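Q: Here's a structure for you.
The values are calculated or read from the model by the stated rules, or taken from the named source; none is laboratory data. All figures in this text were calculated on a predicted structure; none of them were measured in a lab. Quick reminder, even Gly has a Cβ in these numbers, built from the backbone with ideal geometry, and neighbours come from all protein chains shown. Accessible surface is based on the protein model in full, side chains and every heavy atom, while ligands, DNA and RNA are left aside. Shrake-Rupley method; radii C 1.70, N 1.55, O 1.52, S 1.80 Å.
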Amino acid sequence: MKRPPRSTEPAAAASHLGRRELLGSAALAGAALLGCRPKKDPYRIDKPPVPRVPGWRTGEERWVLSTCALCEAACGIKVRVVEGRAVKIEGNPEHPVNRGGLCSRGQAALQALYHPERVRSPLRRTGSRGSGQWKTISWDEAIGEVTAKLAKLRAAGGPERLVLIDGETGTLTHNLWARFLLAYGSPNHVGMGSTGSAAVELDTPYRQGLYGWRADDLERTGLLLAMGTDLLASSGQAMHLQCASRARRPRVICVSPRRPGCRVDEWIPIAPGGYGALALALVHVLLRDALVDSRGFEALPGAGRTPEETTQVTGIPAETVERLAHALAENRPALVASDGSVVAASNGLSTAIAISALNGLLGERERLARVLGTVRMAGWPAPTVDALAAARRAVPRVDGAGTAACPFGQSRVQALPAAIASAKPYPVEALLVRGANPLATLPGRQAWAAALQRVPFVVSFSPWLDETAWLADLVLPESLFLEAWDMVWPAAVTDPPVLSLRQPVVGPVHGTRQSGDLVLALAAGLGGSIGSALPWKRQQDVVETSFPPQSMAAIKEKGAGRSVCADDENCKHGLGEIVDLESTTPHEFAFFARRIASAGTRDGTRSSEAAAGSGLPPWEAPRFSGDPLQFPLHLVPYRPAPFVADGAHAFPWLSELPLVSGNPWPLRAEINPADAARFGVADGDEVLVESSVGSCAAVALVSDGVRPGVVAMALGKSGVVDLVVPDEDRLSGLLAWQGTRVRLRRAS
Ligand code: SF4
């Protein structure tokens, strides 16, 4: 359809007219010649002025490369920007993580950018907490108020009483906040990883003795054994697994209690908590039948369980396990990959180690799988830490992480409500929350609400007035990722590792500020050693000066770059450092890191195998909360493809996506036909799902895509987290999402 030029378009812009404008002008001229009055285009959108985008010409468009932030995968994106307004997001075909692919969340990100409910400027609470009474204040006032509170806390000698809940990892911004807390003197940088996202890296610190992600060569993988409901659909690895294997798609077998929402060659239903037992049974068959080179694994056979012994835990027939083991051996190199839900169980660490041992036996080193070290910044000055900060950083963390009983220091965000309520080991005086909404996304909503009421000063950096922000004293809205600078190292790892550039595709739509700019402003306001630890003026400066100019130029051109750089200056500073497996001796495999072998568990007991120093992976049966007679079903919360950890409400398109079938709006309780018959429930019935800590209403979805004995429910829908008992893995401190028993009945 031809569009007449807008009456507001300046004549000077004529020289920049695009094809559509020229056609529109021709039509207008033709109409004038015919004596017709031009009509208003009925399809014209009366767009509001494009905010803060000087320099754009009418009809001008650009494609801007950046990095998605809606999950830990950090896919490369390219955004079409027309007249300064972002109008479409596509996958960046040159990005090694997603190779042009983009999931539904990435596609929908524009809706968050232009969402009418974004917080547009800093807010100060004027009524009681939760009253919803706010007053708009300036950024100077907001920063000044936070700075004054933090300065007072530090002057009183208690900087450790500041806690930051940080939902983001693997970015420069996260590192800036970490450096801020280091210089300020608080050890309490509490991540959300214990709630699942960090679980997939759990095996490396315990087995290899260091943190890092495994990078697997998917192009050469013959068989991918995908463990977990979410792995191929919504995990941080999903896009990488789907797109990296396009050139040579491996055979994919999925093991999970719920059939995944994407195409696989075979689905094997497994009982919740049974993954580790399955891995050990596979190890047993591989060794018993001499299907693999077992040199270096001589110590393991005793730890492997026979398929018959594990059937009761896994629910998988012994003959299926035998067949699966032979398939793994015949399709080498074979890879076993798992998502966070697999180890988000009471036996999570032992599960991770068992899967890791299975991968080792299948020839991990053959596949060039390596553990990637932490990316450190080139060019950052050594941080200044004064005596007070050094002393107070040494006190125990409020969440119990980092103690001798939790040797690798995973955050335990779920422990915060109890720690705040008891004021032990010390009271929390100030709480900052960014990139997280614990009140709505973690179990124990009431405990979280009570905890927030106890903290004298709560600041939220949320772009939304979400449930946690609602109870804050100040809301300092961060810009969204499409408006901000950052450098990201994706969770979906490739070898060599990738650095992915995030840059603003548009100017700030509202009066928000980038997170990095906020922490730099706070540091400058506090001054002294804190200010000198963070000497930059803007987040953009941090991004552009943290990497050598030639690396930045290459990264800007493609949107991402490899961070390995043989002998250049960059590597001397540790950027992209690669750390090989601890077990470097040929035919020797490290089942257990020496550090963990000497460490106790958080509850003071020791894994018997670890204490004995045998080096064997410990075995633990899963524990479930709830009396099996009262609560005969297992709850399987899963992350559906449209799941956004802290803000699904901001994406109307995602809310419209049907998760399993038909009407997308009601929460579904997915059950097997056998259970439906057992409980007298029909497809479409309104049901009540109850656990020992909560209940929620749902609509029954009867499906043979769910294993008998299981109720599968999508996270992100209101009410599911209220069912989960906040139990955890006693070894690792990870939240046991998969450890709750429930019952289900028709709503009367
Ligand atoms: S997989 Fe994650 S990072 Fe990639 S497009 Fe989807 S939400 Fe964004």
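Q: Determine if region 445-460 includes at least one residue that is modelled with pLDDT of 95 or more, in contact with a strand residue (DSSP E or B) (Cβ under 6 Å, 6 or more places away or on another chain) and part of a loop (DSSP other than H, G, I, E, B).
A: So far as region 445-460 goes, yes, one or more of its residues are modelled with pLDDT of 95 or more, in contact with a strand residue (DSSP E or B) (Cβ under 6 Å, 6 or more places away or on another chain) and part of a loop (DSSP other than H, G, I, E, B).
Q: Can you tell me which residue within region 98-131, out of those that are open to solvent by less than 60 Å² (accessible area, probe 1.4 Å), of a type in the set (S, T, N, Q) and part of a loop (DSSP other than H, G, I, E, B), is nearest to the ligand (Cβ to nearest atom)?
A: Here the answer is ASN98.
Q: Another question, then. Among the residues of region 52-97, write down those that are within 14 Å of the ligand (Cβ to nearest atom), of a type in the set (Asp, Glu) and touching a residue at least 60 places away in the same chain (Cβ under 8 Å).
A: The answer is GLU72, and nothing else.
Q: Okay, next question. All but one of (1) more than 19 Å from LEU388 (Cβ to Cβ); (2) open to solvent by less than 40 Å² (accessible area, probe 1.4 Å); (3) in contact with a Ser or Thr (Cβ under 8 Å, 6 or more places away or on another chain) hold for ASP166, so report the exception by its number.
A: Only one criterion is unmet by ASP166, namely (3).
Q: I would also like to ask the following. β-branched (Val, Ile, Thr), assigned to a loop (DSSP other than H, G, I, E, B) and at pLDDT below 90, is that true of VAL292?
A: The answer is yes for VAL292.
Q: Still on this structure, please answer the following. Restricted to region 82-93, and to residues that are of a type outside the set (A, V, I, L, M) and under 23 Å from the mean Cα position of the chain (by Cα), which residue is surrounded by the fewest Cβ atoms within 10 Å (Cβ to Cβ)?
A: PRO93
Q: Take the conditions closer than 20 Å to PRO456 by Cβ, at pLDDT below 95 and open to solvent by less than 10 Å² (accessible area, probe 1.4 Å) and apply them to VAL190. Does it pass?
A: Considered against the rule, which asks whether it is closer than 20 Å to PRO456 by Cβ, at pLDDT below 95 and open to solvent by less than 10 Å² (accessible area, probe 1.4 Å), VAL190 comes out as yes.
Q: Let me ask another. Would you call LEU439 open to solvent by less than 30 Å² (accessible area, probe 1.4 Å), away from the ligand (no atom under 16 Å from the Cβ), over 23 Å from VAL509 (Cβ atoms) and modelled with pLDDT under 95?
A: Taking the combined requirement at face value, the residue satisfies it.
Q: Would you confirm whether or not region 707-715 contains a residue that is of a type in the set (D, E, K, R) and open to solvent by less than 10 Å² (accessible area, probe 1.4 Å)?
A: Scanning region 707-715, I find no residue that is of a type in the set (D, E, K, R) and open to solvent by less than 10 Å² (accessible area, probe 1.4 Å), so the answer is no.
Q: For region 718-731, enumerate the residues that are more than 10 Å from SER346 (Cβ to Cβ) and open to solvent by less than 50 Å² (accessible area, probe 1.4 Å).
A: If the condition is that a residue be more than 10 Å from SER346 (Cβ to Cβ) and open to solvent by less than 50 Å² (accessible area, probe 1.4 Å), then GLY719, VAL720, VAL721, ASP722, LEU723, VAL724, VAL725 are the ones that fit.
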